[in-house]
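J.: Sharing a structure here in structure tokens format.
The values are calculated or read from the model by the stated rules, or taken from the named source; none is laboratory data. The shown structure was predicted, so the numbers you read here are calculated from the model rather than taken from an experiment. Quick reminder, even Gly has a Cβ in these numbers, built from the backbone with ideal geometry, and neighbours come from all protein chains shown.
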Amino acid sequence: MQLLSPLDWLAFAIFAVSWVGYSFAVDRLPGLHRRSVIAAMDEHRRQWMRTMVTRDNRIMDTQIIGNLMNSTSFLANTAIFILAGLVAMMASPELGARVFGALPFATPPDPTLWEIKIALLLVIFVRAFFELTWALRQFNYCSIVMGGITASTTDPAGFARAEVAAKVANRAARHFNSGLRAYYFGLAALAWVLHPLALIAASLLVLRELYRREFRSVVRDALQQP
């Protein structure tokens, strides 16, 4: 018996192309990347590190890096809880049958098909966890580099180390964004549990929202102002 129908394969293909294609275009194509809110924030982080060199008091800087680490840690910890729930759901396909039995528009899923759909969610949130924990480590590395920057406008080494700190912070932010995208597309993949058409609609909706926020938002316009 064929577990995945042609519509299921089509929905999965649209989901994969939306996620992988969007990530590749935004992160790897320089012309598109330069117009994104991500690139604008990269420049603001560089400016932050250059300005930090001129400050004797670094309390504000340590608070900023601490806030970045806290938000990243929160999402990484949440991914662990999500993974634990997904493992429990995979081990109990009868749970899916009971849930779908209560919905008037859905039919109880095949146990194997249920496991395939939950496995996709597991893969997505495992990736989110790895991306977010690597981002957390890089923010930690950045804080250490920041601690070695001298507060002197006449020391060239201070500005050189500030540039290193900015590169590490920007790389951490890139992995944070990748982990956050995994969350968004994980929510889209959850729609597959309902119906393949729901997965298609959710994937396109997430794609539209990501594009709007990173290229057409008021925040992006504000950040790109000189």
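J.: Just one of (1) surrounded by fewer than 16 Cβ atoms within 10 Å (Cβ to Cβ); (2) within 21 Å of residue 9 (Cβ to Cβ) trips up residue 209, so point out which.
T.: Only one criterion is unmet by residue 209, namely (2).
J.: In the list 128, 160, which residue meets the criterion of being free of Cβ contacts under 8 Å to residues at least 60 places away in the same chain and surrounded by fewer than 16 Cβ atoms within 10 Å (Cβ to Cβ)? Lay out the reasoning, then the answer.
T.: Numbers: 128 fails: surrounded by fewer than 16 Cβ atoms within 10 Å (Cβ to Cβ).
Step by step, each of 128, 160 is checked, and only 160 is free of Cβ contacts under 8 Å to residues at least 60 places away in the same chain and surrounded by fewer than 16 Cβ atoms within 10 Å (Cβ to Cβ).
J.: Could you list all residues from the range 29-49 that are more than 16 Å from residue 173 (Cβ to Cβ) and of a type outside the set (A, V, I, L, M, F, W, C)? Show your work before the answer.
T.: First, the residues of the range 29-49 that are more than 16 Å from residue 173 (Cβ to Cβ): 29-32, 35.
Across the range 29-49, the qualifying residues are 30, 31, 35.
J.: What's the number of the condition residue 28 fails, among (1) surrounded by 16 or more Cβ atoms within 10 Å (Cβ to Cβ); (2) modelled with pLDDT under 95; (3) not acidic (Asp, Glu)?
T.: It fails just one condition, (1).
J.: Residue pairs, Cβ under 7 Å, 6 or more apart or interchain, first in the range 57-73 and under 21 Å from residue 129 (Cβ atoms), second in a helix (DSSP H, G or I) and polar (S, T, N, Q). List them.
T.: Within 7 Å, the pairs are 69/140.
J.: Can you list residue pairs whose Cβ atoms sit under 7 Å apart, with the first residue in the range 4-21 being touching a residue at least 60 places away in the same chain (Cβ under 8 Å) and the second being among the aromatic types (Phe, Trp, Tyr) and in a helix (DSSP H, G or I)? Count only pairs 6 or more apart in sequence or on different chains.
T.: Correct list of pairs: 11/192; 19/185.
J.: Let me ask you something else. Name the residue, out of 168, 206, that is over 30 Å from residue 51 (Cβ atoms) and touching a helix residue (DSSP H, G or I) at 6+ places or on another chain (Cβ under 9 Å). Reasoning before the result, please.
T.: Numbers: 168 fails: over 30 Å from residue 51 (Cβ atoms).
Result of the check over 168, 206: 206.
J.: Of the residues 171, 213, which is among the basic types (Lys, Arg) and either in contact with a Lys or Arg (Cβ under 7 Å, 6 or more places away or on another chain) or without any contact (Cβ under 8 Å) to a residue 60 or more places away in the chain (or both)?
T.: Numbers: 213 fails: either in contact with a Lys or Arg (Cβ under 7 Å, 6 or more places away or on another chain) or without any contact (Cβ under 8 Å) to a residue 60 or more places away in the chain (or both).
Every option except 171 fails the conditions.
J.: Of the conditions (1) surrounded by fewer than 20 Cβ atoms within 10 Å (Cβ to Cβ); (2) touching a helix residue (DSSP H, G or I) at 6+ places or on another chain (Cβ under 7 Å); (3) at pLDDT below 95, residue 196 clears all except one; give me its number.
T.: Every listed condition holds for residue 196 apart from (1).
J.: I need the full set of residues from the range 205-226 which are of a type in the set (A, V, I, L, M, F, W, C) and within 17 Å of the chain's Cα centre (by Cα), in order please.
T.: Taking the range 205-226 and keeping what is of a type in the set (A, V, I, L, M, F, W, C), we get 205-207, 210, 215, 218-219, 222-223.
Once the filter is applied, which keeps residues that are of a type in the set (A, V, I, L, M, F, W, C) and within 17 Å of the chain's Cα centre (by Cα), the range 205-226 yields 205, 206, 207, 210, 215.
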